[in-house]
1. How big is D, in µm² s⁻¹, for the protein assembly as shown by Stokes-Einstein at 10 °C and 1.306 mPa s if Rh is the Kirkwood radius over C-alpha pairs?
2. Note down the magnitude of the dipole of the protein assembly as shown about its Cα centre, charges +1 on Lys and Arg C-beta and -1 on Asp and Glu C-beta and zero elsewhere, to the nearest 20 debye.
3. Report, to the nearest 10°, how far helix B:235-244 tilts away from the longest principal axis of the Cα atoms in chain B, using its own Cα long axis and a range of 0 to 90°.
4. Quick one: of the DSSP bridges fully inside the protein assembly as shown, what percent are antiparallel, nearest 5?
5. Report the label-to-label distance for B:Ala354 and B:Arg294 in nanometres (one decimal), using points 7 Å from each Cα along the Cα→Cβ vector.
6. Among A:Lys14, B:Lys140, what is the fewest-to-most ranking by other Cβ atoms within 10 Å?
7. Between B:Arg17 and B:Phe262, what length in nm is gained on full extension when 0.36 nm per residue of separation is reduced by their alpha carbon distance?
8. Based solely on its DSSP helices, what 222 nm [θ] is calculated for chain B when runs of n ≥ 4 H residues each add -39,500 (n - 2.57) and the sum is averaged over all residues, nearest 500 deg cm²/dmol?
Amino acid sequence: MAAENIVTIRNLTKLYRQGEIDVTALNNVSLDIAAAEFLALMGPSGSGKSTLLHIIAGVDRPTSGECLVQGVDVTKLNESQLADWRNQNVGFIFQTFNLIPVLTAAENVELPLLLTQLNRSQRRKQVATALELVGLSDRAKHLPRQLSGGQEQRVAIARALVTDPKLIVADEPTGNLDSHSAQEVLGVLQSLRKDAGKTIIMVTHDPKAAAFGTRQIHLEKGELTA
Amino acid sequence: MTISTFIVKNALRNKRRAFLSVSSVAASLFLLVTLQVALRELTQPPESSGAELRVAVRNKISLTNPLPARQRAIIEKIPGVEGVTPFTWFGGKYKGEEGMSFAQFAVDPKALGTVFSDAKMDAAGYKNFNEQKDSCVLGKITAEKYHLKVGDRFVLDSTVYPGSLTFRVAGIYSGTPDDRNMLFRQDYLDDSLGVPGQVGMWWLKVKFADDMPRVTAAVNQAFENTSAEVRAESERAFQLGFLAMLGNIKALVASISTVVVFTLVLVTASTMSMAVRERFRELAILKALGFRRRELFAFILAESFGLSAFGAIIGIGVAYCAYTFGDIGKMTHGIFVTFEVTPRIIGFSALVAAVLGIVSAIAPSLAVARMSVVNGLKTLD
């Protein structure tokens, strides 16, 4: 049933115009993602997995089709509404961490909260909780350059969950990490699903990383294959 | 952390660039203030009290052509004229100096207090000046510069008349916009150099400001069709006419100011564009995190405005302090006596800085507004 799904996708198509040619990134994709699911989205380069992730996260728009996230059709929201919606409902984790280099770990985590109505002490409290969840309370005042890759990615995870979104999207979150750090990060994501009930959608090339998911799906040439 | 902390940290991210940007804005605004003050001083010279009652009468052909002394009697008879004095340029150099560092004029000592009432001097000074033919009165600045006091004697070599004259200091005056001039007696010049019957020009004082148009017309009319036709005009008109001889300084200064501002816009816009281009990835992330276009625009605008404002405070502040507390006479080798940074000039310069901050933010803000999150994110991986 749709009510149990956090994401419901129907007949999603995305075409890119490259000069005179239309390139199909997604072709009539339909998919349901249940709440508290850890979905590993796999596929070769150019298969459309990142495009699908972007549409679900509200940073890209499909050519046609429907994408309901927590009951909201994100394809119908305008730019400003989408920005608000992303801030409140989606946590982002990127391959290259993308922390702001001049801000400390705590300040990076606090960034999404600057858009909320929370006062300073409330923000600090949430930041502390998020950093504790990823095991980096003692690194709060460190700048990104003072952290290891794994620690940086855990700060990025803390930033993704500080607004307490139900959905976390991760685009190759272990792509820039050594195997030990990757295990740590995946462990954190796994516990977020188990302990906090977060829904996680992760794009990955790595079967070992995908094995941490509760479900794996494959995309090839813009179509779901499994 | 607050939004303002975030903006400040971003602005100071590249400290060298921030320092250079602020310095370029500061230097340009210092130059802009200097040009504006110079323009003001040149085109609107300070007015002395009593200027509204003074009339300058010069030869209609040219300021350098003398006037016959006999005109005085005719001028004095014109109703509304309170006092008349000759005013003859001497062009003297002090103790073999290369150039003239102060002006000297021959006047009538009896009319001095009436026509140039803004020159304040003690009664003894006026008395000495009236009684001693070789005496002179000195502006306070010149007296201090040459350490001259009442009773001292000094020699001036004229560049206009042959020979030199020795003068005795009768008094020291102050209170005029330019306390540098030296005034001595016309009869001393006449007697010593054997050129009686000629003066450089006339200064006269009318009784009431309302008399000014009538008196100037009457003076002009009195010498029409004579061998020495005159042009009588208010002190203000005379000063502006004098300045007009220097050429179109206003246009020149305005052109330089425009170039300064334009260059400043290019420098600041280039700095902001570089700063934003470096952070394109991060701005895309901020967009993904939920920051809207208007918030990102506000960040860029605040940063650009902040750099401009900081530069403006330094540039305008340094100019204000230098020209208010510094010795402008020494700095400009006597070209300017006053160099006032007026509130209007401060306001204009601050406005230029503010507009600069806004204009510089436009191009990078548009680039960020046009950037889709996906395209921004694509640059990440």
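Nothing in this text is a laboratory measurement; each read-out follows from the coordinates by a stated rule. Small disclaimer: the values here were computed from a predicted structure and weren't measured. Backbone-built Cβ (ideal geometry, glycine too); neighbour counts: all protein chains shown.
1. D = 51 µm²/s.
2. In debye, rounded to 20, the protein assembly as shown gives about 480.
3. Result, in degrees: 60.
4. Counting only bridges with both partners in the protein assembly as shown, antiparallel ones make up about 65 percent.
5. Going from the B:Ala354 label point to the B:Arg294 one covers 2.1 nm.
6. B:Lys140, A:Lys14
7. 86.2 nm
8. It comes out at -17500 deg cm²/dmol, rounded to the nearest 500.
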